[in-house]
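Inspection log for the structure reproduced underneath, given as structure tokens.
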Amino acid sequence: MTAPSHKPMDLTDWGLLIALSILWGGSFFFVGIAVRELPPLTIVAMRVALAALALGGLLRILGLPMPRDRRTWVAFFGMGALNNLLPFCLIVWGQTQIASGVASVLNATTPLFGVLVAHVLTRDEKMTGNRLAGVLIGFAGVAVMIGPTALAGLGNGLLPQLAVLGAALSYSFAGIFGRRFKGMGVSPLVTATGQVTASTLMLVPVALLLDRPWTLPMPSATAWGAVMGIALLSTALAYVIFFRVLASAGATNLMLVTFLIPVSAILLGGLFLGERLAVRHGVGMALIAGGLAAIDGRLFARLGQHRSASAAKG
């Protein structure tokens, strides 16, 4: 599998990763509103369908054609299955039986799986000591932020917990799989459009079969607004950024967004919903920052050089 060689993320990559975490962190806010009136699978199907329409319209405005060859569309469907269909369905089913906090902790294992999968399947994103230590520190930070109440539920409900872990594993494979689009010459905007279009073709029949949304009451304007928010911001715009970071920084670095999503969600809750920030949130954020610094490596390299220079002078 060809891809650009791994390099530390620059300021642009970090900025896009933070923006992506805010967009995906905000999805919890939108889903929390929409789920009061709509079933989860219907929300997921509408999310990708509206995102596909929006991105398809943007491509038309920009005059960018969608690929027509079979090879590219097979890749779109593969990406849609790994990045949307499988994880969305597994998480939705898992969260019907386990608490959302437990699901969040389990979902934060995505970078752990990402490091392992990238080490096995790629030549340029091999595991390093700094990277593994950083991932473990970041995972600890997520667990601290979410709190002991969620961790107490980790021993209950084996199958739904395995389902959420399966979703995290699927996300890590999606990150590796998606590296191919740059080598195929497909831009991030076109890739995002193709992926959500393929996801729509797979998810809408599932939602129609299981939820029968035509039998549901008409959602309120608030619910529609939440669905539009999750479709246009947390899906359409987010996936354009997702594939941009994937092309420039690699799959392992991209998976770090899983650590940043809880930070964004908690900060957004504090800013817009009046939710109080606890001490554990600050401790967890500090651990996540330390983990990200370890994975990036440049800060520790500079400290090592400074110590070497000081020792030489002494």
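A few remarks follow.
- Per atom type, segment 13-151 shows carbon and sulfur on 70% of its accessible surface, probed at 1.4 Å.
- For the listed peptides 204-210, 131-137, a ranking on the average number of other beta carbons within 10 Å per residue, highest first, reads 131-137, 204-210.
- Separation in nanometres of the label points that stand 7 Å from Cα toward Cβ, at residue 280 and residue 124: 4.1
- Surface exposure of segment 41-87, expressed per residue as accessible area with a 1.4 Å probe, stands at 51 Å².
- For segment 198-243, alpha-carbon Rg relative to the globular expectation (2.2 N^0.38 Å, N residues): 1.38
- Scattering profile of segment 164-207 at q = 0.17, 0.29 Å⁻¹ [log10 I(q)/I(0), Debye over alpha-carbon scatterers]: -0.61, -1.01
- Residues of segment 173-218: accessible area per residue with a 1.4 Å probe, Å²: 46
- The share of Cα pairs per 5 Å bin across segment 7-101, counted from zero up to the longest distance, runs 2, 10, 12, 20, 19, 17, 13, 5, 2, 0 percent.
- Apportionment of accessible area to carbon and sulfur, segment 184-241, percent (1.4 Å): 76
- Net charge of neighbours whose Cβ lies under 11 Å from the Cβ of residue 118, counting Lys and Arg as +1 and Asp and Glu as -1: +2
- With a Förster radius of 30 Å applied to the C-beta separation of residue 68 and residue 220, the computed FRET efficiency comes to 0.15.
- Taking 7 Å steps out from each Cα toward its Cβ at residue 60 and residue 116 produces label points 4.5 nm apart.
- Gained length - residue 132 relative to residue 11, 0.36 nm times residue gap less alpha-carbon distance: 41.4 nm
- Once all protein chains are placed together, residue 47 keeps about 30 Å² accessible to a 1.4 angstrom probe.
The values are calculated or read from the model by the stated rules, or taken from the named source; none is laboratory data. What you see is a predicted model; the values in this text were computed from it and never measured. With ideal geometry, Cβ positions are generated from the backbone for all residues, glycine too; neighbour counts draw on all protein chains shown. Please note that ligands, DNA and RNA were not included when accessible areas were found on the heavy atoms of the full protein model with its side chains. Shrake-Rupley method; radii C 1.70, N 1.55, O 1.52, S 1.80 Å.
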